[in-house]
1. Is it fair to say Thr105 is part of a helix (DSSP H, G or I), in contact (Cβ under 8 Å) with a residue 12 or more places away in the chain, in contact with a Lys or Arg (Cβ under 7 Å, 6 or more places away or on another chain) and within 21 Å of Phe68 (Cβ to Cβ)?
2. What are the pairs, 6+ residues apart or on separate chains, where a residue within the range 117-144 that is modelled with pLDDT of 95 or more has its Cβ under 6 Å from a residue that is surrounded by fewer than 17 Cβ atoms within 10 Å (Cβ to Cβ) and basic (Lys, Arg)?
3. Would you pick out the residues in the range 31-71 that are in contact (Cβ under 8 Å) with a residue 24 or more places away in the chain, over 30 Å from Ala108 (Cβ atoms) and aromatic (Phe, Trp, Tyr)?
4. For a quick check of your reading of the model, give me the residue pairs whose first member lies in the range 1-30 and is under 18 Å from Arg75 (Cβ atoms) and in contact (Cβ under 8 Å) with a residue 60 or more places away in the chain, whose second is buried (at least 16 other Cβ atoms within 10 Å of the Cβ) and among the polar types (S, T, N, Q), with beta-carbon atoms closer than 7 Å and at least 6 apart or on different chains.
5. Looking only at helices (runs of 4 or more DSSP H) that fall completely inside the range 1-86, which ones have 1 or more residues that are surrounded by 15 or more Cβ atoms within 10 Å (Cβ to Cβ), modelled with pLDDT under 95 and of a type in the set (Gly, Ala, Ser)?
6. Could you figure out which of (1) of a type in the set (S, T, N, Q); (2) modelled with pLDDT of 95 or more; (3) surrounded by 18 or more Cβ atoms within 10 Å (Cβ to Cβ) isn't true of Gln157?
7. Would you confirm whether any residue within the range 114-125 is surrounded by 14 or more Cβ atoms within 10 Å (Cβ to Cβ), on the phi < 0 side of the Ramachandran plot and in contact with a Leu (Cβ under 8 Å, 6 or more places away or on another chain)?
8. Just to verify a result, which residue in the range 93-106, among those that are in contact with a helix residue (DSSP H, G or I) (Cβ under 7 Å, 6 or more places away or on another chain) and at pLDDT below 85, is surrounded by the most Cβ atoms within 10 Å (Cβ to Cβ)?
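The values are calculated or read from the model by the stated rules, or taken from the named source; none is laboratory data. Please read all numbers here as calculations on a predicted model, not as lab measurements. Neighbour counts run over all protein chains shown; Cβ positions are idealised from the backbone, glycine included.
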Amino acid sequence: MKNVLNTAAVWFAIVGGVLALMISIVTMVNVTAFGLDKLARLFDANVPAIIGYEDFVTMIVSSAALMFFPYCQARHGHVAVDVFIKMLPSWVARGVNVISGIGMTLLALFLGYMMINGLIEVRSDNTLSAILGWQIWPFYVPGILSMFLWALIAGTQVFEREAHV
């Protein structure tokens, strides 16, 4: 089970990385177009920027950012108070890991639940992006899946024997 969850986390992070790369490329193109437009105006011409750039970036960022959470959790990349924990007995570190694992699991489940509520609301309202007119609700799906994968990973880590501090 752990290998399946870790593999899924890796794939989520890869897709999140590809989305982040797409954001970077679109941003570079848009910034270049903006600069070229300033230059073209000197010659009474224009170079249009990407129409709907803000819509695209906003919706893709909302998906991409959350896709890294499961990978971070799988690699124990969450915040740990190493300085203090290392000075305490191992059973204390284990206790902190169990409590933080339960807390992370509950947090991820709560966020996933709230995102489902948000998806239902924007879908029922037929909410569209301002410029491109895209449906917004599909962009909730990667985040919801990420939250539940994060919860699964954090939940399984509660049962690991070794303390990761």
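1. no
2. That search, which allows pairs on different chains as well, returns Trp137/Arg123.
3. The one that is in contact (Cβ under 8 Å) with a residue 24 or more places away in the chain, over 30 Å from Ala108 (Cβ atoms) and aromatic (Phe, Trp, Tyr): Tyr53.
4. If the second residue must be buried (at least 16 other Cβ atoms within 10 Å of the Cβ) and among the polar types (S, T, N, Q), the pairs left are Met1/Thr156; Lys2/Thr156; Leu5/Thr156; Phe12/Ser146.
5. 2-41, 53-64, 69-74
6. (2)
7. Taking every residue of the range 114-125 in turn, none turns out to be surrounded by 14 or more Cβ atoms within 10 Å (Cβ to Cβ), on the phi < 0 side of the Ramachandran plot and in contact with a Leu (Cβ under 8 Å, 6 or more places away or on another chain).
8. The residue in question is Ala93.
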